[in-house]
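Each reported figure results from applying straightforward, stated rules to the coordinates on display, with no laboratory input. Just so it is clear, the structure is predicted and the values come from calculations on it, not from any experiment. Every residue, glycine as well, gets a Cβ built from its backbone with ideal geometry; the counts of neighbours run over all protein chains shown.
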Amino acid sequence: MNIVHFTDINNAIRGDVDGFIRGCCESYDEKCRSVAEHISERADKHPIILLAGPSGSGKTTTAMKIEGYLDKMGFETHTISMDDYFLPKDRIQIFDENNRIDYESPYRIDIELLQQQMHMIANCEPVEVPGFDFKTQERIKGRTLERKKGELVLFEGIHALNPEVTGFEDIASCIYVSVRTRIQISDGQLIHPEFIRVMRRIIRDKNFRGRTAAETLEMYDSVQRGENLYILPFKHRAHYHIDTFHGFEASVYKGYIEEELDDLKAEYPDYERFKPIELLIKELDCIEPQLVPEDALMREFIGG
């Protein structure tokens, strides 16, 4: 477990904010490059890459970074989001113990189609990869993909390491990504990494999925339940682990969610559960989003 004190973050911002941001991004990039290097060494027998992690862990950016490094190493790599295999809303028949649709279940995925296409891809046969529209919860037209011999295909999604969903133990390299670092604030409290992911999700959901902050928090219990049931039990299958935490990111998120939290405090009945987020951003200096590089992981959530 990594721990960083909030004063170290503020001192770095006040001292050389550009250098601080650059250093954090370079550290993360180096983790991705190292994993790509290891994958390249076993690429001939492992043409499939499976990348999993909980919601808000930065799977999409990490997948794109690893794809980019593998391409530079001479291994043409194609990335497929397993979200594109979600069942449309009229075909979802999975409910939790409260008789609500279980959006975190692996059975939200069209497993039959996914596995069929994974086998075809592994055998270098052309497939029509589907697409998915989160706002309408409907399947949309995707793209044609035909892997050539020697090329790699990376599947990223929360259930990528679940053998019931994907499998391919013999020919896959497996990666697990999440936020692992805790920030210590002035009262000695360690802010759990899950709250970094909650901030990421609040901003992402508002920007790209049409949800309010309250709606994102309403989904928190369901998301946590899903992580405990469907994601964490399979993290041991990963050959490689990546901590996607960036030391400056909460300072960037501060400008996006400070007012949101003020509104939630007044209107959201279960706000106290998320008080650690308020305590953290109150102690951190703010970083303007225009200072964030265009290829930084934060862009997955803040846009741009």
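Of note:
- Loop-located chymotrypsin sites (Phe, Trp or Tyr not before Pro) in the stretch 110-209 whose Cβ has at most 10 other Cβ within 10 Å (DSSP): none
- The distance between label points at Gln189 and Glu258 comes to 1.9 nm (points 7 Å beyond Cα on the Cα→Cβ vector).
- Only alpha carbons enter this Debye calculation for the stretch 80-151, each as an equal point scatterer, and the log10 of I(q)/I(0) it gives at q = 0.23, 0.28 Å⁻¹ is -1.01, -1.28.
- For the stretch 114-130, the residues whose backbone nitrogen is under 19 Å from a point 7 Å from the Cα of Asp44, taken along Cα to Cβ, are 123-124.
- Antiparallel bridges, percent of DSSP beta bridges restricted to the chain (to nearest 5): 30 percent
- Taken about its Cα centre, the stretch 102-258 carries a charge dipole of about 440 debye when Lys and Arg each add +1 at the Cβ and Asp and Glu each add -1 at the Cβ.
- Filtered GluC sites (Glu not before Pro), the stretch 50-147: DSSP coil and at most 15 other beta carbons within 10 Å: Glu76, Glu97, Glu146
- Charge dipole (Cα centre; +1 on Lys/Arg Cβ, -1 on Asp/Glu Cβ; no other charges) of the chain amounts to roughly 420 debye.
- Per-residue ellipticity at 222 nm, computed for the chain from helices alone with -39500 (n - 2.57) per DSSP H run of at least four residues, works out to -13000 deg cm²/dmol.
- Between the C-alpha center of the stretch 242-304 and that of the stretch 49-98 there is a gap of 24 Å.
- Cα→Cβ-extended label distance, 7 Å offset, between Arg14 and Gln290, nm: 2.4 nm
- All C-alpha pair distances within the stretch 135-255, sorted into 5 Å bins from zero, spread as 2, 8, 14, 17, 19, 18, 13, 7, 3, 1, 0, 0 percent across the bins.
- Among beta bridges that DSSP assigns inside the stretch 1-153, antiparallel share in %, nearest 5: 75 percent
- Looking at the stretch 2-41, none of the GluC sites (Glu not before Pro) sits in a DSSP loop with at most 10 other Cβ atoms within 10 Å of its own Cβ.
- Extension gain, Leu113-Gln224: 0.36 nm per intervening residue step, less the Cα-Cα distance, totals 37.3 nm.
- Cross-link pairs beyond the 25 Å C-alpha cut-off, checked among Lys89/Lys206; Lys45/Lys141; Lys206/Lys265; Lys59/Lys206: Lys45/Lys141
- In summary, the aspartates and glutamates within cross-link reach of Lys135, defined as a Cα separation below 16 angstrom excluding same-chain residues under 8 places away, comprise Asp83, Asp84, Asp90, Asp205, Glu215.
- Stretched out straight at 0.36 nm per residue, the stretch from Glu37 to Lys72 would grow longer than its current Cα-Cα span by 11.6 nm.
- Considering only Thr212, Ala52, Gln137, and ranking their Cα positions along the charge dipole of the stretch 3-302 that arises from unit charges at the beta-carbon of Lys, Arg, Asp and Glu, the one farthest toward the positive end is Ala52.
- Lysines whose Cα lies under 20 Å from that of Lys65, excluding same-chain neighbours fewer than 8 positions away: Lys31
- Under DSSP loop assignment and at most 15 Cβ neighbours within 10 Å, longest trypsin sites (Lys or Arg not before Pro)-free interval of the chain: 210-304
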